[in-house]
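Novice: This is the structure, below, for whatever I ask next.
The values are calculated or read from the model by the stated rules, or taken from the named source; none is laboratory data. Just so it is clear, the model here is predicted, and its values are computed rather than measured. Cβ coordinates were reconstructed from backbone atoms using ideal geometry, including for glycine residues, and neighbour counts include every protein chain displayed.
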Amino acid sequence: MATFKETREILLASYASNIITIEEYALLFEENSSNNLDFPYYNYPPFNLESQSEAECRANFRVEKHHIPLVEDVLQIPQYFVCDQGTVCKGTEGLCMVLKRYSFPCRYSDMIPIFGRPVPELCMICKNVTDWIYAHHSHRITQWNRTILNPLELENYAEAVFSKGAPLSNCFGFVDGTVRPVTRPGENQRLLYNGHKRVHGLKFQSVVLPNGLIAHLYGPVGKECSKQITILIIRTKFKNNYEKGEYEFLRLFH
């Protein structure tokens, strides 16, 4: 199937050859114009990690260049991602797109010089890669992660917090929250409006470890979910996710 750009070029050639009239050309040209801004993505080469310098990787992806293959291997990123409309993207490129998208606020148009793709493709690929990562790894922060929350590690966290001058010797994490702004919804605006931040948004509650990792994430919650109810839900989910022995050990830190 021809793209809008290819169709417009065919229409121009047809008009130059007197196959269609000026009125037909104007009508068909308007019908085959995209509502998206026409960014010259074709002026940029396809993405190639090897062509990125160390400084560019740190600035664009917030990781070292030699760490990207390690992240790809740990997350077990597939070799290719295929979008619903047939767009194909290599796993390394898809991972770098997500790293760029979430490293700091940016528009998809800001990513065109790096990846040489149109905005719709960048959007679809980022969504596919994000969905894949969530489907395969979300349990690491929504359920009990024994790799970082085993009894030995909990003791290490508590000791690290206490050694910094904390009055408690059994504190292994810190409850934190964040509000993620969203576009004003057409319905139920009051449920999403945050009077403190003065934006419509979704709230998430998390438990952060002393090493900076998120041990648990709960959300989103709306305005009507009070802080006490949120903490109660988190404790309930913790208890349901832990095995009996682990939960009994966790009680030592309450």
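Novice: For residues that are in contact (Cβ under 8 Å) with a residue 40 or more places away in the chain, among the small types (Gly, Ala, Ser) and not in a helix (DSSP H, G or I), tally how many sit in segment 93-151.
Specialist: Count: 1.
Novice: Now for a different question. Which ranges mark the helices (runs of 4 or more DSSP H) fully within segment 1-83 that have 3 or more residues being exposed (fewer than 12 other Cβ atoms within 10 Å of the Cβ) and either modelled with pLDDT under 85 or outside the structural domain of residue 101 (by TED's automatic domain parsing) (or both)?
Specialist: Here the list reads 4-16, 22-31.
Novice: Can you tell which of 188, 156 is free of Cβ contacts under 8 Å to residues at least 60 places away in the same chain, polar (S, T, N, Q) and exposed (fewer than 13 other Cβ atoms within 10 Å of the Cβ)?
Specialist: None of the others qualify; the one that does is 188.
Per-residue answers, yes or no, for (1) modelled with pLDDT of 55 or more; (2) in a strand (DSSP E or B); (3) farther than 23 Å from residue 153 by Cβ; (4) in contact with a helix residue (DSSP H, G or I) (Cβ under 8 Å, 6 or more places away or on another chain):
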| residue | (1), (2), (3), (4) |
| --- | --- |
| 191 | yes, no, yes, no |
| 196 | yes, no, yes, no |
| 202 | yes, yes, yes, yes |
| 207 | yes, yes, no, yes |
| 228 | no, no, yes, no |
| 238 | yes, no, no, yes |
| 247 | no, no, no, yes |
| 251 | no, no, no, no |
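Novice: Picking from 173, 177, which residue would you name as being in contact with a strand residue (DSSP E or B) (Cβ under 7 Å, 6 or more places away or on another chain) and surrounded by 14 or more Cβ atoms within 10 Å (Cβ to Cβ)?
Specialist: None of the others qualify; the one that does is 173.
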